[in-house]
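Below is one structure, written out as structure tokens, with a few remarks after it.
The values are calculated or read from the model by the stated rules, or taken from the named source; none is laboratory data. Computed from a prediction, not measured in an experiment: that's the story for all the values here. Ideal geometry is used to build each Cβ from the backbone, glycine not excepted, and the neighbour counts take in all protein chains shown.
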Amino acid sequence: MGERTAVLGVIGGSGIYQLEDLTSIEQRTIDTPFGAPSSPIVLGELAGRTVAFLARHGIGHTIPPAEVNYRANIYALKSLGVPRVLSISACGSLREDYAPGDVVVPDQLFDRTCGREASFFGAGLVAHISVAEPFCGELSAALGESVTRAGGQLHRGGALVTINGPRFSTRAESNTYRAWGMSIIGMTATPEAFLAREAEMCYAVMAHVTDYDVWHIAEAPVSVEMVVRTLNANTRLAQATLAALVQSLPAERGCACGEALHDALITSRLHVAPELRRKLSLLVERYLD
């Protein structure tokens with residue numbers, strides 16, 4: 001099969017392990033300088049355009065949030081020329097008005113994870129990436145419009161706090177995040193969003209509210225059964241949203257995500273070791289020439 005370039009990369013989280021509406025499917029097993037991604041990448045046609053799908057937690061959901069190889073996942077999609085990444089994720093609501101079954105497209109991110117490999121860069125090549133606005137506004141707006149067209153109950157904006165997992169929060173933690181002004185809670189948006197920015201890819205989250213976390217005394221605390229049940233009910237909404245989104249995406253991006261590294265690299269080009277340059281060439285070669 002000839003070379004195919006996807007207009008969108010989709011990373012499926014809990015409960016979203018495949019895209020049933022894909023046709024002309026081709027599977028790619030990719031190795032990266034950061035190891036193997038969570039799963040092979042599936043290329044297929046959706047609404048007449050090519051989409052790349054990756055299962056974040058592996059086939060059969062074998063990888064917990066803190067052990068996902070986020071760098072390999074993003075790098076693998078980048079190596080296929082994917083310009084935009086959509087995360088489909090489960091989340092808990094920290095607000096009364098964000099109810100189970102609703103969809104949130106957040107506009108801010110708060111990182112409470114620890115010990116995760118959060119950057120492609122480090123000793124030998126230092127980069128200070130700007131993430132004041134951690135999600136791509138252009139892609140998030142298109143996603144929100146697509147959720148509405150697909151008939152979903154949409155909430156635009158809100159801060160997503162990412163915890164380490166795999167355990168759920170204590171009630172004290174949940175109430176603290178609410179007091180801080182957080183809107184939803186999940187386990188995977190960081191470092192995924194930051195890595196996508198370093199890779200100069202647009203990134204947005206379609207967050208499916210599955211529960212009220214543990215703060216809501218009138219509701220049962222979050223459980224795996226609760227999460228899976230709500231996600232299964234929203235599967236068709238996710239598929240319809242994706243079809244609408246893919247149809248609406250312009251051929252060229254109008255945002256600044258594709259230039260995110262332009263002013264981020266601080267290391268003198270003369271001091272970047274050849275082996276490191278080769279390792280990161282997919283990301284930085286045009287800036288080191």
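So here's what we get for this one:
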item	result
From Ile16, Ile11, residue being among the hydrophobic types (A, V, I, L, M, F, W, C) and either outside any strand (DSSP E or B) or modelled with pLDDT under 95 (or both)	Ile16
Residues within segment 21-48 that are more than 18 Å from Ile63 (Cβ to Cβ), in a strand (DSSP E or B) and touching a Lys or Arg at 6+ places or on another chain (Cβ under 6 Å), tallied	1
Some residue of segment 265-273 being in contact with a strand residue (DSSP E or B) (Cβ under 7 Å, 6 or more places away or on another chain), among the hydrophobic types (A, V, I, L, M, F, W, C) and at pLDDT below 95	no
Residue list for segment 36-85, filter: more than 19 Å from Arg116 (Cα to Cα) and in contact with a Cys (Cβ under 9 Å, 6 or more places away or on another chain)	Pro83, Arg84, Val85
Of the criteria (1) on the phi < 0 side of the Ramachandran plot; (2) touching a strand residue (DSSP E or B) at 6+ places or on another chain (Cβ under 9 Å); (3) surrounded by fewer than 22 Cβ atoms within 10 Å (Cβ to Cβ); (4) in contact (Cβ under 8 Å) with a residue 40 or more places away in the chain, which one Ile129 fails	(2)
Hey, Thr170 hydroxyl-bearing (Ser, Thr, Tyr) and in contact (Cβ under 8 Å) with a residue 12 or more places away in the chain or not	yes
Qualifying position, being under 13 Å from the mean Cα position of the chain (by Cα) and either of a type outside the set (A, V, I, L, M) or within 28 Å of Leu280 (Cβ to Cβ) (or both), among Gly12, Gly48, Gly60, Gly44	Gly12
Residue list for segment 99-119, filter: assigned to a loop (DSSP other than H, G, I, E, B) and closer than 23 Å to Gly144 by Cα	Ala99, Pro100, Gly101, Asp102, Pro106, Asp107
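Conditions (1) over 30 Å from Leu282 (Cβ atoms); (2) surrounded by 16 or more Cβ atoms within 10 Å (Cβ to Cβ); (3) among the charged types (D, E, K, R), marked per residue:
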site	(1), (2), (3)
Ala150	yes, yes, no
Arg156	yes, yes, yes
Thr162	no, yes, no
Ser174	yes, yes, no
Met182	yes, yes, no
Ile185	yes, yes, no
Cys202	no, yes, no
